[in-house]
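What follows is one structure encoded as structure tokens, with my remarks underneath.
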Amino acid sequence: MKAGNLKKGADIAAPKGKLGVLIAGIGGAVSTTFIAGVELVRRGLAAPVGSLTQLGTIRLGKRYERRAPMIKDFVSLAALDDLVFGGWDIYEANCFEAALFARVLRRDHLDSIRDFLKEIIPMKAVFDRRFVKNLDGSHVKDAPGLRGKLEALKADISDFKARNGVDRCVLIWCGSTEIHLKPGPIHQSIASLQKAIDENDPGIAPSMLYGLAALESGVAFINGAPNLTIDIPGMIDLADSTGTPIAGKDFKTGQTLMKTILAPGLKTRLLGLEGWYSTNILGNRDGLVLDDAESFKTKEESKLSVLEHILQPQLYPILYKNYYHKVTINYYPPRGDNKEGWDCIDIFGWLGYPMQIKVDFQCRDSILAAPLILDLVLFMDLAQRAGMSGIQEWLSFYFKSPMFKEGLYPEHDLFIQSMKLKNTLRYLMGEEQITHFGLDYYMNDEQ
Ligand SMILES: NC(=O)c1ccc[n+]([C@@H]2O[C@H](COP(=O)([O-])OP(=O)(O)OC[C@H]3O[C@@H](n4cnc5c(N)ncnc54)[C@H](O)[C@@H]3O)[C@@H](O)[C@H]2O)c1
């Protein structure tokens, strides 16, 4: 991002007109729960619980000023009524049928917005079964080669904009987790990516084509899955050169959310860790996809990295040098989207005496993810209007595996992430940063 491009306060363009929300994997559990949720909120039938943009406040100035506006009143965000939805899936079910299949929302909720959901019909997807072994949909594009598929996605984006009369769009990957890919030479620059597309290189995953289609169209891109997708130098350069914001990866929900709440607390109190055993049972389509070892490896890497960065064993060898960390996910159909995550945490305190913590989080995966998508879409649109391009590290709050600039390290602590997000909003609006340094309140005035 070039500092000169950054706009602040009243210079940030107002969110005029509709905002297009394009979703890769629009027929999935998370996507349909998000879309249906926005419509239920718009009709006054439910509350947007879990959404910072809709319910959050932001403290401004000194504590005695008691200024704490709603975030949505403090920064200019698109209104929910202005969101229009579209996207792609490898299954042709409309969003009503897909939401029924997902078994997340109650039938009465879905019936009350059936007319709306039925009208949202997925466009044909770009799919390659080599990258998601446990799915096999037929609603896919047959454009020739990677270049043909990329151009077809770009045409979909411009058709969607024209059809809905929208100028601004955000594209979000809520598609399945692809197999584990390591960045290679083809991912290192804009030119090498383009060459790889022309040569139909097997190292280009479908999610990368959605990423390229977005960036080449000047559309902000969010990666909700742990796939490599845009987390490669070629894409980051493209985002910078096209002035487009990117953010990822892997929504922080469920067990990892709990981990990034608990681990900072243990570290702050200098309590040691001997082991953290995490297991999950999950029965939705995501669980089915993750039942494949290669897709799970992508997820596992994302989930494992969290503790290492929070606990910083290199700085605290006595406490964290040798802890054992294990994460598993077991596909168990009866639970559907209602994941159960168990954590067995072996810690030690004063003089090395051992203690245990057990967590049993009976969560709802898509219910936790949906508000994150809403916030990300609205904040990414704000970022684009404010001239912020490339990696949006201030949105790390929403991700298990936040993207970060080369040479830095990711910030995983949920509370630091929240402070980073709010301070970015204060900065954009010309308000003082809040560091929580409070001594100034107690210093005597020396005049
Ligand atoms: N629910 C959560 O809490 C959570 C948290 C973090 C990450 N995620 C990730 O979000 C993604 C969506 O999760 P979900 O529970 O909705 O899964 P899901 O299986 O219900 O939905 C994924 C959808 O993507 C579609 N899809 C797969 N490949 C595609 C392609 N190439 N193009 C277009 N569509 C494609 C599938 O057909 C499916 O409808 C997954 O990658 C998951 O790992 C979910």
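The values are calculated or read from the model by the stated rules, or taken from the named source; none is laboratory data. Model, not experiment: these values are computed from the prediction. Counting neighbours? That spans all protein chains shown, and the Cβs are built from the backbone with ideal geometry, glycine included.
Structural remarks
- Some residue of region 297-318 being buried (at least 16 other Cβ atoms within 10 Å of the Cβ), within 13 Å of the ligand (Cβ to nearest atom) and not in a helix (DSSP H, G or I): no
- Residues in region 121-159 that are assigned to a loop (DSSP other than H, G, I, E, B), among the β-branched types (Val, Ile, Thr) and within 13 Å of the ligand (Cβ to nearest atom): VAL126, VAL132.
- Test for SER396: is it surrounded by 22 or more Cβ atoms within 10 Å (Cβ to Cβ), in contact with a helix residue (DSSP H, G or I) (Cβ under 9 Å, 6 or more places away or on another chain) and in a loop (DSSP other than H, G, I, E, B): no
- Every condition in (1) away from the ligand (no atom under 16 Å from the Cβ); (2) modelled with pLDDT under 95; (3) closer than 23 Å to ARG364 by Cα is met by ALA47 except one, and the failing one is (2).
- Residue check, MET355 crowded, with 21+ Cβ neighbours inside 10 Å and either modelled with pLDDT of 95 or more or under 30 Å from SER241 (Cβ atoms) (or both): no
- Candidates TYR331, TYR324, filtered to the one that is surrounded by fewer than 18 Cβ atoms within 10 Å (Cβ to Cβ) and of a type outside the set (A, V, I, L, M, F, W, C): TYR324
- Residue in region 158-169 that is surrounded by fewer than 18 Cβ atoms within 10 Å (Cβ to Cβ) and of a type in the set (Lys, Arg) present: yes
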